[in-house]
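The values are calculated or read from the model by the stated rules, or taken from the named source; none is laboratory data. None of these values were measured; they are calculated from a predicted model. Every residue, glycine as well, gets a Cβ built from its backbone with ideal geometry; the counts of neighbours run over all protein chains shown. When the accessible area is computed, the model is the full protein with side chains, heavy atoms only, and any ligands, DNA or RNA have been set aside. Shrake-Rupley method; radii C 1.70, N 1.55, O 1.52, S 1.80 Å.
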Amino acid sequence: MLKLENIYKTYNPGLINETKVLEDFSLSVPKGQFVTVIGSNGSGKTTILNLICGTIFADRGKIFLGGKDITNITEYRRARQIGRVFQDTQKGTSPNMTILENLSLADNKGKFYGLTPGINRKRINHYKELLAPLGLGLEDKMNVLAGSLSGGQRQVLAMVMCTMADIDLLILDEHTAALDPKTSELIIELTNKIVREKGITTMMVTHNLRHAVSYGDRLLMFHRGGIEMDLSGEARANVDVDDLLDRFNHISIESGN
């Protein structure tokens with residue numbers, strides 16, 4: 001389970017541009033739940049993801065993952081438990097390494113390297129078996145540099161790399177936003193397939209409202225550092241894009257926009 005308890009976060013405290021993003025924010029995500037998160041710019045979505053991953057730290061409050069207090073644990077140590085796919089397609093893979101080298105690096109995540117080779121040739125067929133069902137032909141490009149792949153291919157590779165090792169949480173940070181519509185649909189379908197097959201606890205931030213209502217078990221809408229909408233079960237199943245647009249318009253009017 002992921003749990004955030006009474007989180008406070010202020011940027012630039014004491015300065016003229018001080019911004020209070022989160023005040024007494026709490027959230028619990030049960031193990032195995034697939035949560036989609038939407039919200040306007042400045043609603044706190046990215047701040048929450050960065051707090052969970054350890055990119056930034058809370059001013060006050062606690063964060064737990066799998067029953068363990070990770071509040072003050074560094075980002076690189078949290079990465080043993082958390083996988084993250086970014087909006088920027090260049091962030092999830094090493095461009096100057098081949099597909100094989102990238103996969104080998106991910107395969108060794110959390111393990112002690114010592115002076116052994118970074119690539120285990122006996123694992124190549126396993127890597128090909130992971131890539132083949134995705135239908136992009138990456139299994140035949142093992143020696144191709146990741147930097148020469150398309151944005152969609154790199155996102156797929158990043159997804160596979162993130163989920164190769166046993167992780168407690170997968171963070172999807174608008175991971176389809178930089179892709180063309182056709183590739184975006186391919187990536188979201190592959191995402192759903194991987195998440196469902198592995199049963200990984202997942203938080204997916206998206207601006208695509210159709211994706212928000214079509215994927216996941218639970219839908220959260222953030223607004224001004226709080227949870228404006230929290231839908232699961234039948235309520236989640238019955239919501240549609242027009243319902244979300246109506247709520248966004250209502251929020252906008254209340255905010256004076």
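Condition first: part of a helix (DSSP H, G or I) and at pLDDT below 85. Now tell me which residues in the range 98-125 satisfy that. Working first, answer last.
Filtering the range 98-125 for residues part of a helix (DSSP H, G or I) gives 99-107, 121-125.
Across the range 98-125, the qualifying residues are Arg121, Lys122.
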Original post:
In the range 224-247, how many are assigned to a strand (DSSP E or B) and in contact with a Lys or Arg (Cβ under 9 Å, 6 or more places away or on another chain)?
Top reply: 5
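Just give me the residues in the range 1-52 being charged (D, E, K, R) and over 23 Å from Val241 (Cβ atoms), in sequence order. Show your work before the answer.
To start, the set of residues in the range 1-52 that are charged (D, E, K, R) comprises 3, 5, 9, 18, 20, 23-24, 31, 45.
Correct list: Lys3, Glu5, Lys9, Glu18, Lys20, Glu23, Asp24, Lys31.
Yes/no matrix, rows are residues, columns are (1) over 28 Å from Ile194 (Cβ atoms); (2) among the aromatic types (Phe, Trp, Tyr); (3) open to solvent by less than 10 Å² (accessible area, probe 1.4 Å); (4) in contact with a helix residue (DSSP H, G or I) (Cβ under 7 Å, 6 or more places away or on another chain):
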residue	(1), (2), (3), (4)
Lys9	yes, no, no, yes
Lys20	yes, no, no, no
Val35	no, no, yes, no
Ile48	no, no, yes, no
Lys68	no, no, no, no
Asn72	yes, no, no, no
Gln81	no, no, no, no
Phe86	no, yes, no, no
**OP:** Return yes or no: is Ser43 in contact with a strand residue (DSSP E or B) (Cβ under 7 Å, 6 or more places away or on another chain), outside any loop (DSSP other than H, G, I, E, B) and either open to solvent by 30 Å² or more (accessible area, probe 1.4 Å) or over 22 Å from Lys68 (Cα atoms) (or both)?
**Re:** no
Subject >> In the range 168-181, residue farthest from Asn41 (Cα to Cα) [restricted to those that are surrounded by fewer than 21 Cβ atoms within 10 Å (Cβ to Cβ) and among the hydrophobic types (A, V, I, L, M, F, W, C)] >> reply: Leu179
